[in-house]
Amino acid sequence: MIRIEKRISNSQNLKSLAKFFSFVIGILISLFFLKFLGIGLIDLIKNIYYDAFGSIYSFTELLIKMVPLLICSIGVSFAFKMKLWNIGSEGQLYIGALASSLTAIYIPLNSHYLMIFLMFLAAFIAGGLWSGLAGFLKVKLNVNEIIVTLLMNYIAILIVDYLVYGPLKDPEGFNFPYSKKFTDIAKLSTFGDTRLHTGIVLAIFLLILYYILMEKSVWGYEVRVIGSNPNAARYAGININKNILIIMILSGGVSALAGFTEVSGVLHRLQHSISPGYGYTAIIIAWLSNQNSIGILFSSLFMALIFLAGDTLQLNYQIPISMVNAFQGILLFTLLTGDFFINHKITMKRRKNA
């Protein structure tokens, strides 16, 4: 008889090794599919390397893709530390983009710094309230936060679509689904002649803040205790419901800042399809990095490289972007499988004859 049993304990080295092999297996499966499609892997690797590191401009384009991934993964990691599964980072990004855009379009200001601050604040508050609703339902009605945050993604995306196809559509935009362009006051500053914007500074600041809050503060310790053993946390007098609300608001608020950096730093308007899936990819990053701050940084950079590889596949090999989404799904599947075997073991036992 086959039985699945939960492992009592695991060493940190074993967990890290299992995640590494899961990651490698996911990459190898993806490469197999590319080889099956007739793509020369050596040429593909050369093209990706050139597109990412061939020049200063190429590298800054890689960093531009990394910024929203890094910010969203930080937001997701706040929740994951408490074993709360915020799957709504994509929708929170859209809500942050919407709040920032409404601020830029409808609030008349002449101060660049004040405008940027208000856009930042609007995004954080909107994303926090949006995600906080899932936390409220979790606390008051014990509604599963996975279902709520996942479904709210579609609501957020469709709200933005309705507005850019309707009330916010630029009358001089040749009927394209986007708002009118922001003034220079509402745009993030860029570095030199590149498109790399100061959103990267915000992303690094948020990563440092995440490290301090989660690893060096008493509150971060309480969050980790709640995630690992709610009964022990309750016995120690930690207010679990209060912390669930706080962490969900913080998680959504941070994720929404990715929307702020995209509309203010890259797009300079609200439009259809703001994100190619940054919020969903953030889940993979948080899982791959085990919510470790250094791991989040390098995992975000790697996943940005995956997105850049998707552009290379589209332009040079006419491979649809859906294949990139498929590769991310393969990677997530192998990571989840590896995580299962980290925490469980399969044993074979013979049935005793009656």
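The values are calculated or read from the model by the stated rules, or taken from the named source; none is laboratory data. As the structure is a computational prediction, the values presented were derived from the model and not from experiment. With ideal geometry, Cβ positions are generated from the backbone for all residues, glycine too; neighbour counts draw on all protein chains shown. Surface areas here come from the heavy atoms of the whole protein model, side chains and all, with no ligands, DNA or RNA. Shrake-Rupley method; radii C 1.70, N 1.55, O 1.52, S 1.80 Å.
List of remarks:
- The phi torsions of segment 85-97, fed into the Karplus equation with coefficients 6.51, -1.76 and 1.60 and a -60° offset, translate into couplings of 9, 7, 9, x, 4, 4, x, 5, 4, 5, 5, x, 5 Hz, rounded to whole numbers, with Gly and Pro shown as x.
- Phi-derived couplings, Karplus 6.51 cos²θ - 1.76 cosθ + 1.60 at θ = phi - 60°, listed residue by residue for segment 48-57: 5, 4, 5, 5, 9, 10, x, 7, 4, 4 Hz, with x used for Gly and Pro.
- For segment 131-287, the number of Lys pairs separated by eight or more positions or lying on different chains, with C-alpha atoms closer than 29 Å, is 7.
- Structure-based [θ]222 nm, the chain - -39500 (n - 2.57) summed over DSSP H runs of at least 4, per residue, nearest 500: -23500 deg cm²/dmol
- For segment 297-334 and segment 224-276, distance of Cα centres in Å: 25 Å
- Solvent-accessible area per residue for segment 130-251 (1.4 angstrom probe, square angstrom): 58 Å²
- If you sort 266, 324 by accessible surface, 1.4 Å probe, largest first, the order is 266, 324.
- Highest-MSF residue in the chain out of 241, 292, 343 [GNM, Cα springs under 10 Å]: 343
- Projected label distance in nm at residue 112 and residue 241, using a 7 Å step from Cα toward the beta-carbon: 4.8 nm
- For segment 2-118: Kirkwood Rh in Å [reciprocal of mean 1/r, alpha carbons]: 19.4 Å
- Where labels lie 7 Å past Cα in the beta-carbon direction, separation of residue 32 and residue 218 in nm: 5.3 nm
- Extending 7 Å from Cα along the Cβ direction at residue 347 and again at residue 204 yields two label points whose distance is 5.1 nm.
- Averaged per residue, segment 267-333 has 39 square angstrom of accessible surface, using a 1.4 angstrom probe with ligands and nucleic acids left out.
- GNM result for the chain, Cα springs below 10 Å: residue of 73, 275, 322 fluctuating most strongly: 322
- Fraction of accessible area attributable to carbon and sulfur, the chain (%, probe 1.4 Å): 66 percent
- Shape of segment 98-184, Cα gyration tensor, a/c cut at 1.5: oblate
- Span from the segment 124-140 Cα centroid across to the segment 42-111 one, whole angstrom: 21 Å
- Sequence-separation-based contact order of the chain, relative, with Cα cut under 8 Å and 6+ spacing, percent: 36 percent
- In terms of packing, defined here as the mean over residues of other Cβ atoms within 10 angstrom, the peptides 249-260, 150-161, 24-35, 74-85 line up highest first as 249-260, 74-85, 150-161, 24-35.
- With all protein chains modelled, accessible area of residue 269 [1.4 Å, Å²]: 40 Å²
- Gaussian network model of the chain, springs between alpha carbon atoms under 10 Å - residue of 325, 290, 110 with greatest fluctuation: 110
- Debye equation applied to the C-alpha atoms of segment 194-319, log10 I(q)/I(0) at 0.13, 0.14, 0.23 Å⁻¹: -0.67, -0.76, -1.51
- Anisotropy class of the chain from Cα gyration tensor, a/c 1.5 cut: oblate
- Set of aspartates and glutamates with alpha-carbon distance to residue 6 below 18 Å, sequence-local pairs under 8 removed: 339
- Taking all protein chains together and rolling a 1.4 Å probe, residue 50 ends up with roughly 150 Å² accessible.
- Gained length - residue 57 relative to residue 41, 0.36 nm times residue gap less alpha-carbon distance: 3.3 nm
- Taking a ≥ b ≥ c as the square roots of the eigenvalues of the Cα gyration tensor, an a/c ratio of 1.5 or more together with a/b no larger than b/c marks segment 72-224 as oblate.
- Pair-distance profile P(r), taking every C-alpha pair of segment 257-354, with 5 angstrom steps and integer %: 2, 10, 15, 18, 17, 12, 7, 4, 4, 3, 2, 2, 1, 1, 0
- Computed with a 1.4 Å probe over protein heavy atoms only, the accessible surface of segment 1-114 comes to 53 Å² per residue.
- Fully extending the segment from residue 24 to residue 50, taken as 0.36 nm per residue of separation minus the present Cα-Cα distance, adds 7.1 nm.
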